[in-house]
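The values are calculated or read from the model by the stated rules, or taken from the named source; none is laboratory data. From a predicted model like this one, the values you see are computed outputs, not experimental measurements. Every residue, glycine as well, gets a Cβ built from its backbone with ideal geometry; the counts of neighbours run over all protein chains shown.
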Amino acid sequence: MSSTMGTGTPVIEVRNISKSFGTVVALHDVSMAVAPGKVTCLLGDNGAGKSTLIKVLSGVHRPDEGTILFNGEPVEFRSPRDPLDHGIATVFQDLAMVPLMSIARNFYLGREPRRKWGPLPMWGPLKRLDLAKAAEVTRRELHNMGIDVRDTSQTVATLSGGERQSIAIARAVHFGARVLILDEPTSALGVREAAIVLRYIVLAKRRGLGVVFITHNIHHAFPIGDAFTVLSHGRSLGTFAKGEVSERELETMMAGGTEMDQLAAELTELLEADDAQLTIE
Ligand SMILES: Nc1ncnc2c1ncn2[C@@H]1O[C@H](COP(=O)(O)OP(=O)(O)OP(=O)(O)O)[C@@H](O)[C@H]1O
Ligand SMILES: [Mg+2]
């Protein structure tokens, strides 16, 4: 995979995607390509269409118009199962894990290790055997990504938000994902925890995965992004390679330049008004 890094065909690409919900145009003519071994950041303000775009990529929504290409070939995703079968793993912020299940169970959710000759028994020594294997693989895989959990039988509810996101990423890597889509994985996290999740994103990239990283925090995106696609009110403002655009420029684009200027002016006015009031009293 590393031979095609950055230069070859995008592993996944959307072309001219449009999607409306009734009269709401969530996406209009949006295109984006994800290269293997690269982090493509999908940026934009609330309601810009980011989640809708990745729901198109993860088979949750079918686009009204446009094409999805996988390794250069047009594909149609009819259900969330289809992208998974292509190795496209999506980590949704709140649905990443089942809190009351163990770490190992979550790691294998939907992909429980089975004996070759039949389904997993519901009880008995063979079940224990497979659970032991699950625990061992989970621990090893997490360790390989620098996550050390004391006990993989502890419930996910005992983990921090950052640890949950990290485990979801490790799981996608372990099961051979070629594309990893992360919807706002760092938005609910503190600075230190966000840094840990960003580190795992870089590790996934180094393993050759194409990563789509959605955020509205430019300070999280800028250091690790190779390309930046900015959405605004359902339209793409373009895709910019690293080095082609500054952090400040991206931030201005995300906020909609004129809207930000207007807000700054209003705030200045408000502060001046307060000052005036203070001096009167
Ligand atoms: N299932 C739906 N039904 C109706 N409208 C929807 C649906 N999903 C999204 N929308 C609308 O489409 C627009 C884009 O929403 P989307 O969730 O894609 O934005 P976003 O960029 O992910 O925003 P945020 O940063 O707040 O997560 C919004 O106006 C939203 O209200
Ligand atoms: Mg969203």
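General remarks:
- Of everything in region 20-34 that is polar (S, T, N, Q) and in contact (Cβ under 8 Å) with a residue 12 or more places away in the chain, the residue that is farthest from ligand 1 (Cβ to nearest atom) is Ser31.
- Note on region 30-86: enclosed strands (runs of 3 or more DSSP E) holding 1 or more residues that are within 13 Å of ligand 2 (Cβ to nearest atom) are 39-43.
Yes/no matrix, rows are residues, columns are (1) in contact with a Gly (Cβ under 6 Å, 6 or more places away or on another chain); (2) within 16 Å of ligand 2 (Cβ to nearest atom):
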{"residue": "Arg150", "(1), (2)": "no, no"}
{"residue": "Ser153", "(1), (2)": "no, no"}
{"residue": "Ala157", "(1), (2)": "no, no"}
{"residue": "Glu163", "(1), (2)": "no, no"}
{"residue": "Ala170", "(1), (2)": "no, no"}
{"residue": "Leu180", "(1), (2)": "no, no"}
{"residue": "Pro185", "(1), (2)": "no, yes"}
{"residue": "Ala188", "(1), (2)": "yes, yes"}
{"residue": "Glu193", "(1), (2)": "yes, no"}
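- Filtered by the rule that a residue be within 27 Å of Arg81 (Cβ to Cβ) and not β-branched (Val, Ile, Thr), region 136-158 gives Glu141, Leu142, Met145.
- Extreme residue, farthest from Phe213 (Cα to Cα), among residues of region 55-88 that are aliphatic (A, V, I, L, M) and surrounded by fewer than 18 Cβ atoms within 10 Å (Cβ to Cβ): Val75
Every residue, every condition in (1) within 8 Å of ligand 1 (Cβ to nearest atom); (2) more than 17 Å from the chain's Cα centre (by Cα); (3) farther than 22 Å from Arg178 by Cα, yes or no:
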| position | (1), (2), (3) |
| --- | --- |
| Thr52 | yes, no, no |
| Ser58 | no, no, no |
| Ile68 | no, yes, no |
| Phe77 | no, yes, no |
| Leu84 | no, no, no |
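- Residue match in region 196-203 (condition: at pLDDT 95 or above, out of contact with any Ser or Thr (no Cβ under 8 Å at 6 or more places or on another chain) and more than 16 Å from ligand 1 (Cβ to nearest atom)): no
- Phe213 vs. criteria within 16 Å of ligand 2 (Cβ to nearest atom), modelled with pLDDT of 95 or more and buried (at least 24 other Cβ atoms within 10 Å of the Cβ): yes
- Residue in region 215-226 that is at positive phi and assigned to a loop (DSSP other than H, G, I, E, B) present: no
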